[in-house]
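S.K.: Structure in structure tokens, see below.
All of the numbers you see were taken from the coordinates with simple rules; none came from a lab. It should be emphasised that the depicted structure is a prediction, and the values quoted were computed from it without experimental measurement. All Cβ positions, glycine included, derive from the backbone under ideal geometry; neighbour counts span all protein chains shown.
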Amino acid sequence: MSTLKHAGMQICAGGSAGFVEVCMMQPLDVLKTRFQLQTKAVAGDMHSYTSIVDCMRKMYRAEGFLSFWKGVIPPILVETPKRAVKFFTFEQYKRMFTFGSQGPTPLTFSLAGLGAGVTEAILVNPFEVVKVSMQANHSHHRVAPSTVATTMEIVRSSGFGLRGLNKGITATMCRNGSFNMIYFGFYHSVKGYFPHAQDHRLEVLRRLLIGLIAGTIASCFNIPFDVAKSRIQGPQPVPGQVKYRTTLASMLTVYREEGFRALYKGLVPKVLRLGPGGGIMLVVYEYVYEKLQHTFPD
């Protein structure tokens, strides 16, 4: 019973962390996707962006304020089970990769993060396909297709397989696996080097700062996979022709045609989202979990 109770608390805390993080940081995810889908900036084009400020200004004028939350329903629907799976499986993988009696090591945390990331990617990929399709739509939010309509169109035209709702699953697994490997590995390895603060506000700040650094480093590492994922799951340059098909081939195509820097498109909004978002998520998870432990002691 104790094992089931702890599993339930991990799932509840993880779901709470995901919901809070996605509601706060979704606009930056939209900006990131727009830059990743853009092959080159065209002067005077309302759908071409030269900077974050330029993108925000053009989206606001052409698509309305709520356009910054385009595609938010799929992440909200999936973030609760996704983050629940992330944190729950992380704890299980951590036990699996803890060898001997010395307890978890930095390698343990990294391997557990990798396993948790790959596991959550399998769950989240269909929602990612719908989200990217919605974020790539430049229509005003009042006339843009709904989540259900977008999903139905993808299923109708391409089905549920690797060309439809599971398109780009390998890229998603590479993106999520590499991110969580560094994210959890760094956070749990470094946290012990900074003493626990007695003041509640300083302790929150300590955890936020370590989580922010972990999310920033992980974002810088995994963004080439994220660019490939967006290209595979987003609209193809020529309708009816699939240019971006596999992860490594897509990364190579972007590199050859647009240069090395193109593999880091969307890095600034990604870091601005997943840096603070990473800190927020870990702090919410740990505090909700601790609260549940106090409410339902063993």
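S.K.: Once phi is turned into ³J(HN,Hα) by the Karplus curve 6.51 cos²θ - 1.76 cosθ + 1.60 with θ = phi - 60°, what whole-Hz value does each residue of region 76-88 show in order, with x for glycine and proline?
M.R.: 5, 5, 9, 5, 4, x, 5, 5, 4, 5, 4, 6, 5
S.K.: Just checking my list (1) 0.98; (2) 1.54; (3) 1.02 against Cα Rg over 2.2 N^0.38 Å computed from this structure; which label fits?
M.R.: (3)
S.K.: May I ask you to sort Lys270, Lys40 by Cβ crowding, counting other Cβ atoms within 10 Å and putting the fewest first?
M.R.: Least crowded to most crowded, the residues run Lys40, Lys270.
S.K.: Using each residue's phi in region 47-54, evaluate 6.51 cos²θ - 1.76 cosθ + 1.60 at θ = phi - 60° and report the 3J(HN,Hα) Karplus result to the nearest Hz, with x for Gly and Pro.
M.R.: Calculated HN-Hα couplings, in order: 9, 10, 10, 9, 7, 4, 5, 4 Hz.
S.K.: So what's the net charge close to Val204: Lys and Arg +1, Asp and Glu -1, counting the other residues with Cβ under 14 Å from its Cβ?
M.R.: So the surrounding residues net to +1.
S.K.: Cut-off 19 Å, label point 7 angstrom out along Cα-to-Cβ of Glu258: give me the residues of region 8-29 whose amide nitrogen falls inside.
M.R.: The answer is 28-29, whose backbone nitrogens lie closer than 19 Å to the label point.
S.K.: Normalised by the residues of the chain, what does the relative contact order come to in percent, with Cα pairs under 8 Å and at least six apart? Can you show the working numbers first?
M.R.: Values: 462 pairs, mean separation 74.1, N = 298.
Relative contact order here is 25 percent.
S.K.: By a straight-distance test (C-alpha under 14 Å), which aspartates and glutamates pair with Lys32 as possible cross-link partners, with residues fewer than eight away in the same chain excluded?
M.R.: Counting by Cα, and skipping residues close in sequence, Lys32 has these aspartates and glutamates nearby: Asp54, Glu128, Asp226.
S.K.: With n ≥ 4 as the cut-off for DSSP H runs, can you work out [θ] at 222 nm for the chain, using -39500 (n - 2.57) per run divided by the number of residues, rounded to the nearest 500?
M.R.: -25000 deg cm²/dmol
S.K.: Where does helix 267-295 land angle-wise versus the long Cα axis of the chain, in degrees 0 to 90, nearest 10?
M.R.: Orientation of helix 267-295: about 30 degrees from the principal axis.
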